[in-house]
Amino acid sequence: MKRTSAAICLFTLCATVLFGCVPGAGSAQEPPEKTVGSPIVVGFSQVGAESEWRVANSESMKSALSEENGFELIFDDARNEQENQIRAIRTFIQQDVDYIVFSPRVETGWTSILQEARDAEIPVIVIDRDIQVEDRSLYTAYIGSDFRREGETAVRWLESLMQRRGKADRPLRIVHIQGTVGSSAQIGRTAALEAALERNPNWEIIAQELGDFTRAKAYEVMGAILEETKDIDVVYCENDGEALGAIDAMEEAGLTCNAGDGVIVISFDATKLGLTYCLAGKIALNVECNPLQGPYVADLIRRLERGETVEQIMHVDETAFDSFTITKEMIEGRGY
Ligand code: GYE
């Protein structure tokens, strides 16, 4: 019988867990409970290495699920292909790992493989992006961000900036660069912008392109947009990498990015690199997305090992930074 077969299926829906409240979060680790005997074997399918955020997320998982902490981590990089993730999860099942953790590329297409994991009695923890399955008991828990709320923070900030400037009713020409289509991060951040467009009939999307969450792709698509028009008020990028690529392209084309008299760039992630652009005024608003999920996964597994009840959905607490109020000190104290 699997270690946790008694512990899974006990969960409460929709609890919000603040990252700061979980033991070991981002700072000193909880004393390892399982250093004697066999380690807890965890197979982790990471979606890829497309961004600074992702690299920080992988590092966080590797350091929390370390040998010293009583784990054996089998790490697989899916290179941004769902097929590779499915193959990795199947291999973890064949290896009879104790837990499967994965960060899904997109929300759909997971039912069969999760069924296979359930048949093998291996608990599954989804991190970062969420999944859509009819039978939610196919996974034990989800730890990640509320992406719709992140998008909401961004558009509300923009609305209030326009109001403060007495420009709430003026036309606003927006370029929208999207992340990986079908990923929760893209779906939530896009949905918030779309809802804001409904409320603000004077807002207009003048171009919408896919940036795949990478600096290179965003640079390329932004360059093409700029050949058509330079009359742009806002660029809404769905992560820091995209924002940096779009800024590179705009600066090369002679545009200035700032929330004063330039193009207003909105971004998500708030990595250290992204925040240095915010401090320089080039990113007007950067909405935080916390990648340091390793300690939460480790803590969750320990709780399952003890047979405790766990919440099925855990959203992390996140904030936002704008170029008007950010300071150097705010960036220095951060862990990613
Ligand atoms: O915003 C982006 C990454 O899923 C939250 O994926 C994650 C997103 C993040 O590549 O930088």
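Values in this text are rule-based calculations from the coordinates and carry no lab data. Predicted model, so just to flag it, every value in this text is computed and none were measured. Neighbour counts run over all protein chains shown; Cβ positions are idealised from the backbone, glycine included.
Report the relative contact order of the stretch 43-143, percent, no decimals, based on alpha-carbon pairs under 8 angstrom and at least 6 residues apart.
Details: 161 pairs, mean separation 26.6, N = 101.
Computed over the stretch 43-143, the figure is 26 percent.
A simple spin-label model places pseudo-atoms 7 Å from Cα toward Cβ; at Ala224 and Arg170 they are separated by 3.1 nm.
Here the peptides 208-215, 85-92, 305-312 are ranked by packing, the mean other Cβ count within 10 Å, and the order with the highest first is 208-215, 85-92, 305-312.
Classify the stretch 175-278 from the C-alpha gyration tensor, please: rounded if a/c falls under 1.5, else prolate or oblate depending on whether a/b exceeds b/c. Rounded shape, in that the Cα axes give a/c under 1.5. Along its three principal directions, the equivalent ellipsoid of the stretch 227-278 from the Cα gyration tensor extends over semi-axes of 18, 11, 10 Å, largest first. Taking every DSSP bridge with both residues inside the stretch 188-327, close to 25 percent are antiparallel. Against the chain, whose longest principal axis comes from its Cα atoms, helix 240-252 is set at around 30 degrees.
When only Cα pairs under 8 Å and 6 or more residues apart are kept, what is the percent relative contact order across the stretch 34-77? Before the final figure, lay out each step's value.
Working: 51 pairs, mean separation 26.3, N = 44.
It rounds to 60 percent for the stretch 34-77.
Rounded to the nearest 10 degrees, the inclination of helix 184-199 to the longest alpha-carbon principal axis of the chain is 40 degrees.
Express in % the proportion of alpha carbon pairs of the chain at distances exceeding 26 Å.
48 percent
Go through Lys217/Lys282; Lys167/Lys272; Lys167/Lys282; Lys167/Lys230 and tell me which ones have a Cα-Cα distance over 29 Å in this structure. Don't jump to the answer; show the numbers that get you there.
Details: Lys217/Lys282 19 Å; Lys167/Lys272 31 Å; Lys167/Lys282 21 Å; Lys167/Lys230 20 Å.
Checking Cα-Cα distances, Lys167/Lys272 exceed 29 Å.
How long are the semi-axes of the ellipsoid equivalent to the stretch 51-191, from square roots of 5 times the Cα gyration tensor eigenvalues, in whole Å, largest first? Walk me through the numbers on the way to the answer.
Details: eigenvalues 265, 57, 33 Å².
Calculated on Cα positions only, the semi-axes equal 36, 17, 13 Å.
So between Gln94 and Asp261, what do we pick up on full extension, going 0.36 nm a residue minus the alpha carbon distance?
54.3 nm
For the chain, the share of DSSP beta bridges that are antiparallel, to the nearest 5, is 5%. Per residue of the chain, the DSSP helices (runs of n ≥ 4 H) give a summed -39500 (n - 2.57) that works out to -11000 deg cm²/dmol at 222 nm.
Neighbour counts of other C-beta atoms within 10 Å: give me Ile122, Ile206, Ile187 arranged from fewest to most. Write out the running numbers ahead of the final one.
Numbers: Ile122 25, Ile206 16, Ile187 22.
Result, fewest neighbours first: Ile206, Ile187, Ile122.
By the count of other C-beta atoms within 10 Å, a proxy for reagent exposure, Lys62, Lys230, Lys328, Lys282 are ordered fewest to most as Lys328, Lys230, Lys62, Lys282. Stretching Ala216 away from Ser160 to a fully extended chain increases their span by 17.0 nm, per 0.36 nm per residue minus the current alpha-carbon distance. With each label modelled as a point 7 angstrom along the Cα→C-beta vector, the Thr325-Thr108 pair spans 3.9 nm. For the chain, the longest principal axis of the Cα atoms and the long axis of helix 82-94 meet at an angle of about 10 degrees. Dipole orientation for the stretch 199-295: of the candidates Met222, Leu279, Leu255, Leu279 has the Cα lying most toward the positive pole (charges on Cβ; Lys, Arg +1; Asp, Glu -1).
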